[in-house]
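The values are calculated or read from the model by the stated rules, or taken from the named source; none is laboratory data. Just so it is clear, the model here is predicted, and its values are computed rather than measured. With ideal geometry, Cβ positions are generated from the backbone for all residues, glycine too; neighbour counts draw on all protein chains shown. Please note that ligands, DNA and RNA were not included when accessible areas were found on the heavy atoms of the full protein model with its side chains. Shrake-Rupley method; radii C 1.70, N 1.55, O 1.52, S 1.80 Å.
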Amino acid sequence: MKQLLFLLLCFPLFANAQLLGLGSNIVKVNLSSLALKNYSFSFERKISKRVSLVLGYRTEPKGSPPFQSQLENIINSSDINFSRFEIGNTAWTPEVRFYLGKGNMRGFYLAPYMRFSSFDITSPVRYTTTVNGSPYTKDADFSGKITSTNGGLMIGTQHRLFKVLVIDIWIIGGHYGSSKGDLNFVATTPLNPQEQSVLKQNLDNINAKPFKFTNTVYADGSGAKITSDGPWAGIRGAGINIGFHF
């Protein structure tokens with residue numbers, strides 16, 4: 001990643017601008033997202049003086065959530081072990097940009113877009129068992145994917161810094177849509193009836209409105225399943241992108 005950023009920043013100093021010219025394409029990397037270990041790239045193609053098409057790709061390796069306290073407020077449950085909670089994600093974002101000024105992929109723009117996201121989640125849910133006659137707390141690790149489909153609108157501005165270097169600033173935007181997915185827990189040893197009952201009770205107590213969680217604890221003790229269904233919303237903005245115009 002560091003090598004890519006180095007090339008992005010240094011290439012204009014060495015490129016032959018006359019040979020490279022100014023074409024209809026820009027490839028960009030989002031610098032501001034790197035602070036959150038979120039790697040975001042996009043490709044923009046001009047189709048007319050004031051209109052372009054953009055395809056963005058974002059990926060974040062699985063790990064501890066960057067805003068854990070907000071997540072704990074959303075999922076109001078003391079039965080989830082947030083210290084071991086992990087999440088990663090990927091997203092594809094196609095958009096259409098309408099430039100309001102001189103055009104040619106410069107100036108302020110409005111960008112309606114779609115976002116297709118996939119979240120890889122591991123959520124440990126506590127339950128109590130008995131070991132040698134004493135209560136013992138264990139984690140049931142629910143793992144799986146939740147996908148979302150959203151539509152939104154963003155306002156931004158893009159300008160040329162040098163012959164082939166551009167800066168694209170996402171000012172503010174937002175999207176809204178729906179999400180669904182399953183998280184599964186596979187028990188390493190079969191759960192006894194008491195463990196099944198306690199796990200079922202803890203799952204029933206999870207409150208994450210407006211998301212709807214349903215659960216099934218398998219009677220054979222092999223594990224359990226959580227199904228998530230509900231709305232999804234997000235904010236897009238404060239993004240600084242550097243790219244090459246070619």
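Some observations on this one:
- Boolean, I235 is among the aliphatic types (A, V, I, L, M) and over 16 Å from N184 (Cα atoms): yes
- Summed over region 194-241, residues that are outside any strand (DSSP E or B) and among the polar types (S, T, N, Q) total 7.
- Per-region count, region 107-119, residues buried (at least 17 other Cβ atoms within 10 Å of the Cβ) and closer than 18 Å to K62 by Cβ: 2
- Residue match in region 129-139 (condition: in a loop (DSSP other than H, G, I, E, B), surrounded by fewer than 19 Cβ atoms within 10 Å (Cβ to Cβ) and not charged (D, E, K, R)): yes
- Within region 153-192, being closer than 15 Å to A224 by Cα, open to solvent by 90 Å² or more (accessible area, probe 1.4 Å) and either touching a residue at least 12 places away in the same chain (Cβ under 8 Å) or assigned to a strand (DSSP E or B) (or both) holds for V186, P190.
- Check on F244, assigned to a loop (DSSP other than H, G, I, E, B) and either in contact (Cβ under 8 Å) with a residue 12 or more places away in the chain or among the small types (G, A, S) (or both): no
- Taken together, the residues in region 75-93 that are of a type in the set (S, T, N, Q) and in a loop (DSSP other than H, G, I, E, B) amount to 3.
- Note on region 75-90: residues that are open to solvent by 30 Å² or more (accessible area, probe 1.4 Å) and without any contact (Cβ under 8 Å) to a residue 60 or more places away in the chain amount to 6.
- Subset tally (residues that are in a strand (DSSP E or B), surrounded by 13 or more Cβ atoms within 10 Å (Cβ to Cβ) and more than 11 Å from the chain's Cα centre (by Cα)) for region 46-74: 7
- Selection within region 51-81 - more than 20 Å from M114 (Cα to Cα) and charged (D, E, K, R): K62, E72, D79
- Residues in region 203-221 that are touching a residue at least 60 places away in the same chain (Cβ under 8 Å) and open to solvent by less than 20 Å² (accessible area, probe 1.4 Å): L203, A208.
- Check on I226, surrounded by fewer than 19 Cβ atoms within 10 Å (Cβ to Cβ) and of a type in the set (A, V, I, L, M, F, W, C): no
- Within region 125-152, the set of residues being more than 17 Å from P190 (Cα to Cα) and either in contact (Cβ under 8 Å) with a residue 12 or more places away in the chain or in contact with a Leu (Cβ under 7 Å, 6 or more places away or on another chain) (or both) comprises S143, G144, K145, I146, T147, S148, T149, N150, G151, G152.
- Condition check for G243: buried (at least 20 other Cβ atoms within 10 Å of the Cβ), in contact with a Lys or Arg (Cβ under 9 Å, 6 or more places away or on another chain) and either more than 30 Å from R45 (Cα to Cα) or modelled with pLDDT of 95 or more (or both): yes
- Leading residue by the ranking (modelled with the highest pLDDT) among those in region 91-106 that are over 30 Å from K145 (Cβ atoms) and open to solvent by 50 Å² or more (accessible area, probe 1.4 Å): F98
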